[in-house]
Amino acid sequence: MILKQFYLGCLAHASYLIGDEQTGEAAVVDPQRDIDQYVAFAVEHKLQIKHVFLTHLHADFIAGHLELRDRVGAKIYLGAAAKAKYAFTPLKDGEGIDFGKVRLRVLETPGHTPESISILVFDLAVSATQPNAVLTGDTLFIGDVGRPDLRAALGWSATQLGGMLYESLHNKLLPLPDASLVYPAHGAGSLCGRAISKETVSTIGEQRRVKREQRQIDEREAKRRRAEKLTERRHGSCIRRRELYGGAAA
């Protein structure tokens with residue numbers, strides 16, 4: 001199995017080509033509009049790009065899925081909740097495609113957008129049950145998660161999408177095997193997250209550890225703020241009593 005990351009620094013955007021050397025078949029995930037690099041890579045490795053996936057409908061750059069469809073005849077796949085004016089195959093949880101020793105399976109992971117999906121990548125020459133990698137789109141970044149507050153204009157509140165994001169992370173992505181590689185759609189500098197790492201690949205085990213540490217830090221900070229507020233209230237009450245009974249308010 002071939003799994004190649006293409007990274008465009010000016011957009012902090014990552015796209016992927018997954019190929020099977022046995023059948024010569026390939027899929028591209030979240031392509032840039034300039035598709036020449038995917039076509040050139042496919043030719044170099046004797047592959048044909050037959051499938052193109054979008055993990056969600058991108059608002060921060062123009063994707064190249066239609067160009068791949070038009071140039072090489074690639075079939076387009078989106079999450080089942082997606083709505084588009086072009087023909088595509090909708091995929092629900094557990095659905096996907098196999099080609100040669102490659103298996104791609106969808107996890108519906110809404111939160112950054114309501115139609116967001118992640119894609120489990122299995123190298124069947126190694127394991128049919130343990131995913132080698134997961135392409136997380138804008139749901140899970142390295143050291144961060146996708147923002148749920150960017151779809152207000154379409155009628156989705158940050159509270160609604162935030163709840164979906166929590167469920168997607170804790171019920172679908174973070175329970176995956178520790179060794180599964182995490183490949184997101186963006187890196188540091190993207191506005192789709194708030195504190196994305198400069199790293200462009202990690203593991204589920206490492207991201208679970210990072211999330212646990214962040215939660216502990218948040219809990220300590222929340223306790224500190226509660227303690228400060230309690231101290232302020234007590235101090236204010238003391239000052240009011242001293243003013244009421246004529247004492248000095250030192």
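Extension gain, CYS10 to HIS170: 0.36 nm times the residue separation minus the Cα-Cα distance gives 54.5 nm. In percent, rounded to a whole number, the relative contact order of the stretch 2-245 is 14, using alpha-carbon pairs under 8 Å and six or more apart. The modelled label-to-label distance between LEU181 and LEU57, using points 7 Å beyond Cα along the C-beta direction, is 3.1 nm. Model label points for ASP149 and VAL39, set 7 angstrom from Cα along the Cα-to-Cβ axis, are 4.2 nm apart. Between ARG212 and TYR86, the contour length at 0.36 nm per residue exceeds the Cα-Cα span by 41.3 nm. So what's the stretch 66-202 giving for Rg/Rh, alpha carbon basis, Kirkwood Rh from the mean inverse pair distance? Taking Rh as the inverse mean 1/r over Cα pairs, Rg/Rh reads 0.97. In terms of overall dimensions, the stretch 1-132 has a Cα radius of gyration and Dmax of 13.9, 38 angstrom. With the convex hull of the Cα atoms taken as the outline of the stretch 2-245, the averaged projected area works out to 15.9 nm².
Read-outs throughout are calculated quantities, based only on the coordinates presented, and are distinct from any laboratory measurement. Quick caveat, the model's predicted, so the values are computed rather than measured. Don't worry about glycine lacking a Cβ; one is built from the backbone with ideal geometry, like all the others, and counts go over all protein chains shown.
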